[in-house]
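The values are calculated or read from the model by the stated rules, or taken from the named source; none is laboratory data. Keep in mind that what you see is a predicted model, and the values were worked out from it rather than measured. Backbone-built Cβ (ideal geometry, glycine too); neighbour counts: all protein chains shown.
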Amino acid sequence: MAVPKLPWVPEALDKGNTLRRPACVHWTGRDPVAWLSWHRKQGSRIVGVEIADEAIRLADLTSTRERTVVVLGHEHSGIPDDAMELVDVAVEIPMIGTGASLNVAVAGSLILYRLSGFL
């Protein structure tokens, strides 16, 4: 089965990617939960960024040197329940004020920086 690609993603990566080449983009196909399940079975650590009862604070997230998949949910609806069941650790990014969510790029950047061990 061919994996559908969003046509603007490769173009955006070509225009503004300052990271190592090739870019690390994984196309999940039509079933992102099955993709996530496969990676978990392969030994990947699954980190979900979500406000949840069992979530740990960003400051408590340990750095990683193992294969890790970070799951970021929709700004309003979050990570779907069936994907949350596959998460090894849920991480909450504390915020001050009345906002309840961050831009996904900002949230992802904070998590990846913490996982890198530099924070």
Inset, instruction - May I ask you to list the residues in segment 60-83 that are of a type in the set (Val, Ile, Thr) and part of a strand (DSSP E or B)? - result: 68, 69, 70, 71
Legend entry - Selection within segment 84-96 - outside any loop (DSSP other than H, G, I, E, B) and at pLDDT 95 or above: 84, 89, 90, 91
Inset, instruction - Check residue 85 against each of (1) under 18 Å from residue 105 (Cβ atoms); (2) without any contact (Cβ under 8 Å) to a residue 12 or more places away in the chain and name the one condition it does not meet. - result: (1)
Legend entry - Residues that are small (Gly, Ala, Ser) and surrounded by fewer than 18 Cβ atoms within 10 Å (Cβ to Cβ), drawn from segment 34-53: 34, 37, 43, 44, 52
Inset, instruction - Could you please give the count of residues in segment 19-54 that are at pLDDT 90 or above, assigned to a loop (DSSP other than H, G, I, E, B) and in contact with a Gly (Cβ under 8 Å, 6 or more places away or on another chain)? - result: 1
Legend entry - Pick from segment 59-113, criterion more than 12 Å from the chain's Cα centre (by Cα) and among the polar types (S, T, N, Q), ranking: farthest from residue 34 (Cα to Cα): 98
Legend entry - Cross-chain or 6+ apart pairs with Cβ under 6 Å, segment 37-51 first and free of Cβ contacts under 8 Å to residues at least 60 places away in the same chain, then part of a loop (DSSP other than H, G, I, E, B) and surrounded by fewer than 17 Cβ atoms within 10 Å (Cβ to Cβ): 44/67; 45/66; 45/88; 46/88
Inset, instruction - Kindly list, by first and then second residue, each pair from a residue in segment 88-107 that is closer than 21 Å to residue 68 by Cβ and of a type in the set (Val, Ile, Thr) to a residue that is assigned to a loop (DSSP other than H, G, I, E, B) and at pLDDT below 85, limited to pairs with Cβ atoms under 8 Å and residues at least 6 apart or on different chains. - result: 93/102; 104/75
Legend entry - Output for segment 60-103, where each listed residue is of a type in the set (Val, Ile, Thr) and within 26 Å of residue 41 (Cα to Cα): 62, 64, 68, 69, 70, 71, 79, 87, 89, 91
